[in-house]
Amino acid sequence: MSKDSHKGVGAEQANYNGTSRTAKSTFISEVTGEFGVNVSVELTAKLGNTIAVDTPSKRSTHARYGVYRLKSYGYSQYRYANCTKGVKKNVTIYTPRRVGWVLWETK
């Protein structure tokens, strides 16, 4: 089983629009984070990415910048030379796929 999950870099940001009209909210990533799986695969979420979105009246827009990762589940188990099996251990692995924003609204 696997699914996409988002790992944020830095603090979540939010902007409340207290006016009676739609307003533009602009979010800027403020930190850099590196996400490595092993020596050969890594993605970096870099400082300076921005996104601008419309925030409806009397609502808050929230934003978090980071890395989308594929979350996969499985297990590891050793097989000994005499063909008996060792202890089965559940494992979760994260494979970085792309960087980007997660946005949502609240009242």
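The values are calculated or read from the model by the stated rules, or taken from the named source; none is laboratory data. Note that the structure is a prediction, hence the values are computed from the model and not measured. When we count neighbours, we look across all protein chains shown, and the Cβ atoms used for this are built from the backbone with ideal geometry, even at glycine.
General remarks:
- Taking each residue of the range 90-107 that is closer than 18 Å to K58 by Cβ and looking for partners that are not in a strand (DSSP E or B) with beta-carbon atoms closer than 8 Å, six or more apart or interchain, yields E105/P56; K107/K58.
- Any hit, the range 84-107, residues being under 19 Å from the mean Cα position of the chain (by Cα), modelled with pLDDT of 95 or more, part of a strand (DSSP E or B) and of a type in the set (D, E, K, R): yes
- Set T22, T50: member being polar (S, T, N, Q), within 18 Å of V99 (Cβ to Cβ) and either modelled with pLDDT of 95 or more or surrounded by fewer than 13 Cβ atoms within 10 Å (Cβ to Cβ) (or both): T50
- Within the range 67-83, being in a strand (DSSP E or B) and in contact (Cβ under 8 Å) with a residue 12 or more places away in the chain holds for V67, Y68, R69, L70, K71, S72, Y73, G74, Y75, S76.
- Residues in the range 45-66 that are in a loop (DSSP other than H, G, I, E, B) and either in contact with a His (Cβ under 8 Å, 6 or more places away or on another chain) or under 22 Å from G8 (Cα atoms) (or both): K46, L47, G48, N49.
- Restricting attention to the range 71-83, the residues that are surrounded by 13 or more Cβ atoms within 10 Å (Cβ to Cβ) and modelled with pLDDT of 90 or more total 0.
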